[in-house]
Amino acid sequence: MRVLSVLLPLALLAPVVPTASAEPAAQSHVEGYVVDVGGPGRFPLASRGRVAPLVVSAEDFPGVVRVVGDLRDDLSRVTGVEPSVGGTVVDGAVIVGTVGRSPLVDDLVRRGKLDVSDLVGKWETSVQQVVQNPLPGVRRALVIAGSDQRGTIYGAYDVSREIGVSPWYFWDDVQPRKRTELHVLPGRHSQGTPAVKYRGFFINDENPQLGRWAPKFFGGGSAPGFPNGFNHLFYAKVFETMLRLKANYLWPAVWGRAFAEDDPLNHRTAKEYGVVMGTSHEAPMMRGIEEWNRHARSGVGDPYGGNGDWSFRRNRSAIEQYWTDGVRRMKEQDFEGVVTLGMRGNGDVGLPDGDGIELMQEILASQREILKREGMLNVPQVQTLYKEVQRYWDQGLRPPDDVTVVFADDNWGNMRKLPARDLPRRAGGYGLYYHFDYVGGGRNYKWVDTNLLPNVWEQLDQAYAYGVDRLWVVNVGDMKNNELPLQFFLDYAWNPKRWPLEKLGEWERRYAAQNFGVARAAGIASVLRDYSKLQSDRKPELLNRKISGEGTVVSYDDQATPFSLTDYREIERVTAEWQELAERAERIRRSLPAWQQDAYYQLVYYPVKASANLYALRLAEFTNLLYVAQGRASANALAAETEARFAEDQAMSDYYNNVLAGGKWQGFQTQPKIGYGDVARYGPNAPWQQPESNNEALPDEVFPAVKRVSLPAVAEMGVAVDGSDQWFGSGTAVLPEFSRWQSQPGQYVDVFNRGSVPFSYSVSAPPWVVVDRPSGTVDDQVRLSVGVDWSRVPAGKTTSPVVVTGAGRSVRVDVVVDNTPLRGRGFVEANGYVSMEASHASRMVGGDGVRWQVIPDLGRTGDAVKPFPVTAPSRAPDGPRLEYELTVKASGPVTVWAYLSPRNPVLSGPGLRYGVSFDDQAPQVVDITAATGANDTTMNKQWERNTSDNVNRTATRHELAAGVHTLKFWVVDPTVVVQKLVVDTGGLRPSYLGPPESRSVR
């Protein structure tokens, strides 16, 4: 079949034949304060078959005593030798302890051997230091000292990371490279004090993957009747990974799960690990909503009435007792926690009693009184302004001053609100709630990581600049599958200054080196960066959703693609990019030794290859549907191709679930991503909700729609041309115009068979029109590339007929060539538009303390540009601006389309605005959110469209004379992110990403 050559065989499950042996020792790890070679003043952590003994006092915090066991295991993993653990200091020992709690560390301080002045009174701060002659008879020791329990824990885990143990060793089977020599450099090593006090994540939307895997791996819960696997054994692995990532705060899983009741050991385990527990935005007073639901359903022994009425107005006494019991449990079990205040409706919805401020004031007052009565008023407290709850803040409601106010994003990575800089300081400060995973409109995204690091950086940087630094929590879904963005989120929360924009590449390479070694870090980091860039253009769950209509969404077509099948070769170009990326991932895979294969499959290979396969599937599926409508014989081969790609998807899932890591991840790779949108099957929620199945057999996917054509036993020619979804059996077709200035690929003509009998064809064309295959035989389809020999084209604008003849038919294809001499500058109009990437401005004009910053890859088709600092005040469009020189061919009206990141108006004021003008014209000011009707970012159809598309498109109209002009994009509000500007001169074709960038001349 000669059709859609972009559909290359993926060979996704080909046997791996590693071609590389172990990397050179000098390149085996990221160089830090633990190196492979001894030297003066260096401490031999491991040398000549001996590993330094570990010493910890039994009087230290339980979490510190426990973490020494993990350090022991980590040293054993790396060296093959297990060190001893004891309480007596010997020569060459590693002393682990907390200042003010460990007699071992405090003795060193008294002797003047250890300076802890930079630790005392600090939050979660640690130091690693080689100490000479710390005690009589002890020549040297390595001391890991912390300012508090978690400070010491982080210090120990930092040594683990230094010797090469990845935080993801359990969740992704990352094996450390064996090292026999480990030497700690002299000096004082510290990771500093965290910038954000509470840093953590929310395990959420955990069905089907974690919900199926955890019971198989960890067994049921300790509480009778709730064998859901989310027990203390499961959470012990979560807590350990949190602490290895320097997180300290967790919202536990909530889908049918109750942390405190599923296993009575859960809270005790959190305390033993030193983790701070919280509850989500819908679970006040340290009680998950599932606890209420269980008691209400049973009605047996239910102290709360058993009526299930989660209404403060109608069931106040029962709810207050329920909250009181939650706080008492926290006090009795004596675990560290942050108490959530406020109230939402049962099931992640608004309150059933309305959203009046008076009601929320009553709720907050009641909760504060309960805390006071129970002697718990001094515990940290938060109110999360999620979805509809933000309205209370907007209407002037303020919780007590010591309560942390947590602002939320819009579930798609765009913050909705930030505290104005002129607000008085709050004792409780501000926090943020962010999303790497979401269930809801415009569609669930849960399958694989789709988070673009520059986008995450830009939003976190903005929040931190506005003083949001008390508590950060991110929804990570199953946690597994969002490893990279989660680790970056926590690294950035720890030290934002360490990771400015220009060092994101370094962070990515360090992440890759942490898991696969330095030698291949650059290549793997490049794959992961390009992967996230492609995923951010369109989430995979949304590949079969085409939203039609301008402005308000008017329809959902679940058998169509958002990418254009006919214009700018859009879907083919995007699919080809995915295939190229998959080939790069495959080459790296084949170069890795066997012991790194499982980790690579999980962290790199599967998400890249499975996503590339999904794009190939969608291209085949939607092209099949188009070709069926045209009666093409090649439609049947595309149906078979779609089936093959679906089988490939299922095979990869089966490998993940049953073979990978010896079957460790059974049931984990079961998140649907193909069968969304079938209203007939799944009902009115189908456009956004994942398909479900009552059958526990895996996986739960729905095969995409394809069709087949019945072919007559004849030869029948059809012709289709680039830029059109129509076909021709006679008459005249017209190709898009050729221009010296066009940037899109050359045009094509498809000659296809509508029958089952092959036929010969021939093409006649004028001498300046070049057809690559002017004659041949058509079995099912032949694609002809059409170009222009510019040395022979007549001057001016010419329409030339190209005639295709075959199977007794002839079709004329008009080739329009514009060879008009042009004197211009900048970006030159061709094909009825001028398209410019934001970062390719002719000039970036700053002023009044405002500058422009290019943010790599943040645009869907290139880099984005944003004014900095983000705290600059709003202003009139009269200073900082982007300027683009361009040339238009004719006088008349034009439309300027601004492609902007789908940000929200986070600051108080009229909206989110920019200005646009040509030359010396007065700027037109556009309020982005008002113009698109997306002001209400809780649940709005235009907001769904913008976030699904990852762009907000607004338009202005202008009159231009033919010739050279300067388009000016003006700063009005500082948080606008510009991706692309397109000037439609009358020929812009509909597409998802917009037209390719125009060519420019200086």
- Message: Could you go through region 753-761 and let me know if any residue there is charged (D, E, K, R), farther than 30 Å from Ser835 by Cα and outside the structural domain of Val888 (by TED's automatic domain parsing).
- Response: yes
- Item | Unique match (being surrounded by 20 or more Cβ atoms within 10 Å (Cβ to Cβ), within 30 Å of Asp818 (Cα to Cα) and out of contact with any strand residue (DSSP E or B) (no Cβ under 6 Å at 6 or more places or on another chain)) among Leu967, Leu993 | Leu993
- Query: Which ones in region 863-884 are surrounded by 20 or more Cβ atoms within 10 Å (Cβ to Cβ) and within 25 Å of Glu997 (Cα to Cα)?
  - Reply: Ala864, Val865, Lys866, Pro867, Pro880, Arg881, Leu882, Tyr884
- Item | Residue among Asp722, Asp789, Asp750, Asp772 that is within 22 Å of Arg573 (Cβ to Cβ), free of Cβ contacts under 8 Å to residues at least 24 places away in the same chain and out of contact with any His (no Cβ under 6 Å at 6 or more places or on another chain) | Asp772
- Note on the structure: Residues of region 46-88 being of a type in the set (A, V, I, L, M), more than 23 Å from Thr269 (Cα to Cα) and surrounded by fewer than 21 Cβ atoms within 10 Å (Cβ to Cβ), in sequence order, are Val81
- Would you confirm whether any residue within region 449-468 is more than 27 Å from Gly505 (Cβ to Cβ), assigned to a loop (DSSP other than H, G, I, E, B), of a type in the set (Val, Ile, Thr) and out of contact with any helix residue (DSSP H, G or I) (no Cβ under 7 Å at 6 or more places or on another chain)? no
- Task: Return a yes/no flag: does region 357-375 have any residue that is in a loop (DSSP other than H, G, I, E, B), buried (at least 16 other Cβ atoms within 10 Å of the Cβ) and among the aliphatic types (A, V, I, L, M).
- Result: no
- Task: Return yes when Phe202 is at pLDDT 95 or above and more than 20 Å from the chain's Cα centre (by Cα) and no when it is not.
- Result: no
- Among all residue pairs at least 6 apart or on different chains, which show Cβ distances below 9 Å where the first residue, located in region 445-460, is on the phi > 0 side of the Ramachandran plot and the second is not in a strand (DSSP E or B)? none
- Would you mind finding the one in Trp472, Trp457, Trp494 that is out of contact with any Lys or Arg (no Cβ under 8 Å at 6 or more places or on another chain), among the aromatic types (Phe, Trp, Tyr) and over 17 Å from Leu603 (Cβ atoms)? Trp457
- Task: Kindly indicate which of Tyr235, Tyr169 is of a type outside the set (A, V, I, L, M, F, W, C) and either out of contact with any Lys or Arg (no Cβ under 9 Å at 6 or more places or on another chain) or closer than 23 Å to Pro134 by Cβ (or both).
- Result: Tyr235
- Task: Quick one: count up the residues across region 865-890 that are over 23 Å from Asn952 (Cα atoms) and part of a loop (DSSP other than H, G, I, E, B).
- Result: 4
- Mind checking which residues of region 789-818 are of a type in the set (A, V, I, L, M, F, W, C) and assigned to a strand (DSSP E or B)? Val802, Val803, Val804, Val811, Val813, Val815, Val816, Val817
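Each row is one residue, and each column tells you yes or no for (1) closer than 18 Å to Ala838 by Cα; (2) of a type in the set (Lys, Arg); (3) at pLDDT below 80.
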residue	(1), (2), (3)
Ser901	yes, no, no
Ser908	no, no, no
Gly911	no, no, no
Gly915	yes, no, no
Phe918	yes, no, no
Ala922	no, no, no
Val926	yes, no, no
Ala931	no, no, yes
Asp936	no, no, yes
- Only strands (runs of 3 or more DSSP E) wholly contained in region 704-788 count here; list those with 3 or more residues that are surrounded by fewer than 20 Cβ atoms within 10 Å (Cβ to Cβ). 759-764, 775-778, 781-788
- Message: What's the total number of residues in region 173-217 that are of a type in the set (A, V, I, L, M), in contact with a strand residue (DSSP E or B) (Cβ under 9 Å, 6 or more places away or on another chain) and under 15 Å from Asn248 (Cα atoms)?
- Response: 2
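The values are calculated or read from the model by the stated rules, or taken from the named source; none is laboratory data. What you are looking at is a predicted structure, and each value in this text was computed from that prediction instead of being measured. Glycine gets a Cβ as well: all are built from the backbone with ideal geometry, and neighbour counts include every protein chain shown.
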